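The values are calculated or read from the model by the stated rules, or taken from the named source; none is laboratory data. Treat the numbers as computed from the prediction; the structure is a model and nothing was measured. Reconstructed Cβ throughout: ideal geometry from the backbone, glycine too, with neighbour counts over all protein chains shown. In case anyone asks, the SASA skips ligands and DNA or RNA and just uses the protein heavy atoms, side chains included. Shrake-Rupley method; radii C 1.70, N 1.55, O 1.52, S 1.80 Å.
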Amino acid sequence: MTLVPESRVLLTDALRPPAGHRVDVVVGTTYSLDLTALLLAPLSFAVSEQVEGDVSRVDPIRLLEAVRRHTEHTTVFCQAGGIHVPSRYRSILTFVEDSVVEVTAPAEDAIFHPKLWALRFAGPGGAVSHRVVILSRNMTFDRSWDTALVLNEASDGAIDAAPAADFVRGLPARALRGLPADRTRQVDDLASTLATVRLAAPTPFTGGALLPIGLDGADVWPFPERAYRVLAISPFLTRQAVRALGHVADERTLVSRAESLDLLGSDALTGWKVDVLQRLVEVEPDGDVAESQPARSEFESGTAGLHAKTFVVDLPDGTSMTVTGSANLTGAPWGRSVEFGAKLTGPTAACGVASVLDGSPGVPGLSALLQDYHPATTAGVDDPAIETSYTLERFHRFLASNLPVTHVARLDDDRAQLSVSVEIPPFVPGMTRIWPVSLPDGHAQPLAPTTTWTLAHLNVTPFLVVETTAGDGDARVTRRCVLMGDLRGDVDSRRHDAIFDVLRSKQDVLRYLLFLLGDPSYDALLAEIAGSGEEGFHPESRGTRQDVALLEPLIRAIGRDDDALARVASLVEDLRAMPNGHELVPDDFDTLWDAVWQVHREARR
């Protein structure tokens, strides 16, 4: 982490395993979660190419293989009522259902807001290594300005990972529903190994500590009583927190959103030099400033603008501290809501406020992107929509926390009936609709204790969209989110159907088999097959590329990769169980596979 504005870290890069390693266990936390964005995490574990956050650009067969391979050891904890509605439902989302765990904060009316990723990688010879990633961004497609602190395991690292381990270990206790035993074991096991790890502080920092906040109810306020200079970067503010940090130093700079500063007014900002990001840098190079949607509160998710939370403090001894993570300057001390951050320390000359704002020769500082800002009023303004958004967020959190139940009844070979039971509080703040996320919103029904839909087996899902509109005039707000229902009486073939919703031809199955075998030496062959066009995949061409493509990787996998052969065996079993499965099997593959599987079994004896 350098705080150099031109330095860019993609979340997909931060999650990718080191060369020669594979992902073993992953635990992530987020306030809001986009289910489609969640698909990018397993894809990051599996491939090296950049997808720039655009799932639609990803080969669906590669995505299917990555998701199926990695979701079993990936668990993401998110705020109940904080799941975003995906722009489009994909049947592949069936496979991430078990990875998503809704949680709540211990304190009443507080939120679960940390953006922490703890990863364990397995390397050659069974050696493991760890990484801790501390973010200001949620697991969404927002294009906001955020921070990412990536801390890798190092035997001589200056940072103790034990606080992250304790935090991870405490997450299952916040879950609305009990975790399956295997997931609980994974989380505990990751916490156990992470507890003994040291993490390297990124250059130019020389030391640091991790800051878990809110799970144990303890107050956290890592700032000294007095310092020379303070830089506070926070998109959301409260008067009380701004005042508390302002006492630390006479020379202080605050970078925030114009909307947040207007809410406070200039009187609350006395003594602060106040800046905002230049409007043009808040949007993508080809974006429209007028169409960018900044969030008005930390409960909302804007698509652009400042979202980083970082505080730099120059200390009297010639060192500086940088506090970064998920916590806004909205509480002092921190501790009610659940957050996670880190405190990094280093020489002021390299890590101090001037270094961040002014940069160094050839490396522009943050000031190059800022402009002065003067709030519109001295006393601040009221935004009636904010209170409405808080009310809707609490209402949706109530619906999620009271565990909707989704009953599934099979009607025939194609259709099922899905009945959703929801506990409705005495006060409903506005007009509310609900529908399965797999259906268009034209299927929405008014919120009721029980609602029923008839849908295809492939569209059976525990994910339910709830939408509420409340308020009048400027206070009118519409909020949508996804609730998770307890799925009871599931359709047995649902995941099987989701696989073969993607694999629709022999060529699809061939490419999927190659991905299952997972040998990077076949990337060139895959590219050749992918680039051969429609004609090359036509049935008349069958029996040529397949023979070449599958023989070598299957033979290599014998004795080298039992997991890969097990994945192929599972697919073969599914194909052979399908009434029309033989129509999807590459020519002569059955004979080849039976021979390979027999050799493999004999080798295992």
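Which length gain, in nm to one decimal place, applies between Ser419 and Glu573 when the Cα-Cα distance is subtracted from 0.36 nm times their residue separation? Working shown, then result.
Details: separation 154, 0.36 × 154 = 55.44 nm, distance 3.21 nm.
Additional length available on full extension: 52.2 nm.
Test of understanding: what is the full-extension gain from Ala448 to Ser360, defined as 0.36 nm times their sequence separation minus their Cα-Cα distance? Could the numbers behind the result be given before it?
Numbers: separation 88, 0.36 × 88 = 31.68 nm, distance 6.06 nm.
The Ala448-Ser360 span can extend by a further 25.6 nm.
How far is helix 506-517 tilted off the main Cα axis of the chain, in degrees rounded to 10, range 0 to 90?
Approximately 60 degrees, to the nearest 10.
Say a paramagnetic label sat at a point 7 Å from the Cα of Ala110, along Cα to Cβ; which residues of the stretch 320-364 have their backbone N under 19 Å from it?
324-343
Out of all DSSP beta bridges with both ends in the chain, state the antiparallel percent to the nearest 5.
That works out to approximately 75 percent antiparallel.
At 222 nm, what value in deg cm²/dmol follows for the chain if DSSP H runs of at least 4 each add -39500 (n - 2.57) and the sum is divided by all its residues, to the nearest 500? Display every interim value, and only then the final one.
On the way: 18 runs with 171 residues, N = 605.
Mean residue ellipticity at 222 nm (helix-derived): -8000 deg cm²/dmol.
Considering only protein heavy atoms, what is the solvent-accessible area of Ser421 at a probe of 1.4 Å, reported in Å² to the nearest 10?
Surface open to solvent at Ser421 totals about 40 Å².
In nm, to one decimal, how far is the Ile555 label point from the Arg476 one, both placed 7 Å along Cα→Cβ?
Taking the simple label geometry, Ile555 and Arg476 are separated by 7.0 nm.
Setting aside same-chain residues fewer than 8 positions from Lys115, which lysines have a Cα under 17 Å from its Cα?
Lys309, Lys343
Can you send over the carbon and sulfur percentage of the accessible area for the chain, probe radius 1.4 Å, protein chains only? List each step's numbers first, then the result.
Details: 12560 of 25320 Å².
Carbon and sulfur together cover 50 percent of it.
Beyond 16 Å, what share of the Cα-Cα pairs of the stretch 51-113 remains, rounded to the nearest whole percent? Let's see the in-between values first.
Numbers: 1121 of 1953 pairs.
So the pairs more than 16 Å apart make up 57 percent of the total in the stretch 51-113.
When you take every Cα atom in the stretch 71-142, what is the radius of gyration, and what is Dmax, the widest Cα pair distance, in Å?
15.0, 48
Which three semi-axes in whole Å describe the equivalent ellipsoid of the stretch 193-252, each the square root of 5 times a Cα gyration tensor eigenvalue, listed largest first?
On the way: eigenvalues 140, 63, 23 Å².
Semi-axis lengths for the stretch 193-252 are 26, 18, 11 Å.
Using only Cα atoms, find the angle between the long axis of helix 562-577 and the longest principal axis of the chain, and express it within 0 to 90 degrees, rounded to the nearest 10.
Approximately 60 degrees, to the nearest 10.
Can you work out the FRET efficiency for the pair Glu602 and Glu97, with r the C-beta to C-beta distance and R0 = 60 Å, to the nearest 0.05?
On the way: r = 38 Å, r/R0 = 0.63.
That gives a FRET efficiency of 0.95.
Which FRET efficiency value, to the nearest 0.05, do you get for Thr206 and Asp267 by plugging their Cβ-Cβ distance into 1/(1 + (r/R0)^6) with R0 = 45 Å?
On the way: r = 39 Å, r/R0 = 0.87.
Working from the Cβ atoms, E equals 0.70.
In nm, to one decimal, how far is the Ala244 label point from the Thr469 one, both placed 7 Å along Cα→Cβ?
With each label placed 7 Å out from Cα toward Cβ, I get 3.9 nm.
Between Asp486 and Ala162, what FRET efficiency follows from the Cβ-Cβ distance if R0 is 41 Å, with the result rounded to 0.05? Write down the numbers at each step before the final one.
Details: r = 35 Å, r/R0 = 0.85.
Efficiency, rounded to the nearest 0.05: 0.70.
Kirkwood hydrodynamic radius of the stretch 376-484 from all distinct Cα pairs, in Å? Write out the running numbers ahead of the final one.
Values: mean 1/r = 0.0659 Å⁻¹.
When all Cα pairs of the stretch 376-484 are included, the Kirkwood radius is 15.2 Å.
Loop only per DSSP, at most 12 neighbouring Cβ atoms within 10 Å: give me the trypsin sites (Lys or Arg not before Pro) in the stretch 80-140, ordered by residue number.
Values: sites: Arg88, Arg90, Lys115, Arg120, Arg131, Arg137; in loops: Arg88, Arg90, Lys115, Arg137.
Filter output for the stretch 80-140: Arg88.
Take the alpha carbon atoms of the chain, find their radius of gyration, then divide it by 2.2 N^0.38 Å using N residues; give the quotient. Don't jump to the answer; show the numbers that get you there.
Numbers: Rg = 25.9 Å, N = 605, 2.2 N^0.38 = 25.1 Å.
That works out to 1.03 for the chain.
Taking the alpha-carbon centroid of each part, what is the distance from the stretch 161-199 to the stretch 408-452 in angstrom?
Using only Cα atoms, the two centres lie 34 Å from each other.
Using a 1.4 Å probe and counting only protein heavy atoms, arrange Tyr228, Tyr31 so the residue with the most accessible area comes first. List each step's numbers first, then the result.
Values: Tyr228 145, Tyr31 5 Å².
Ranking Tyr228, Tyr31 by accessible area, largest first, yields Tyr228, Tyr31.
Largest first, how would His307, His84, His113, His407 line up by accessible area (1.4 Å probe)?
On the way: His307 25, His84 45, His113 5, His407 80 Å².
Result of the area sort, largest leading: His407, His84, His307, His113.
Could you compute Rg(Cα) / (2.2 N^0.38 Å) for the stretch 131-193, with N its residue count? Let's see the in-between values first.
Details: Rg = 14.4 Å, N = 63, 2.2 N^0.38 = 10.6 Å.
In units of the 2.2 N^0.38 Å rule of thumb, it is 1.36.
Cα axis of helix 181-194 to longest principal axis of the chain: angle in degrees, 0 to 90, nearest 10?
Helix 181-194 sits roughly 50 degrees off the main axis of the chain.
Could you state the accessible area per residue of the stretch 160-219 in Å², with a 1.4 Å probe and every protein chain left in place?
44
Dividing the Cα radius of gyration by the Kirkwood radius, what Rg/Rh value follows for the stretch 327-389? Write down the numbers at each step before the final one.
Details: Rg = 17.5 Å, Rh = 15.9 Å.
With Rh from the inverse mean 1/r over Cα pairs, Rg/Rh is 1.10.
Of the peptides 165-172, 431-438, 246-253, how do they stack up when ordered by the mean number of other Cβ atoms within 10 Å, highest first? Write down the numbers at each step before the final one.
On the way: 165-172: 21.1, 431-438: 19.5, 246-253: 17.5.
For the peptides 165-172, 431-438, 246-253, the packing ranking is 165-172, 431-438, 246-253.
If you rank His582, His396 by how much accessible surface each has, with a 1.4 Å probe, what is the order from largest down? Each step should come with its number before you reach the end.
Numbers: His582 125, His396 0 Å².
My answer, sorted largest first, is His582, His396.
Are there GluC sites (Glu not before Pro) in the stretch 52-112 that DSSP marks as loop and that have at most 16 other Cβ atoms within 10 Å, and which are they?
Values: sites: Glu52, Glu65, Glu72, Glu97, Glu102, Glu108; in loops: Glu52, Glu108.
Here the sparse-neighbourhood loop sites are Glu52, Glu108.
Seen from all sides and averaged, what is the projected area of the convex hull of the Cα atoms in the stretch 338-440, in nm²? Before the final figure, lay out the partial values.
Numbers: hull surface 60.1 nm².
Averaged projected area of the stretch 338-440's Cα convex hull equals 15.0 nm².
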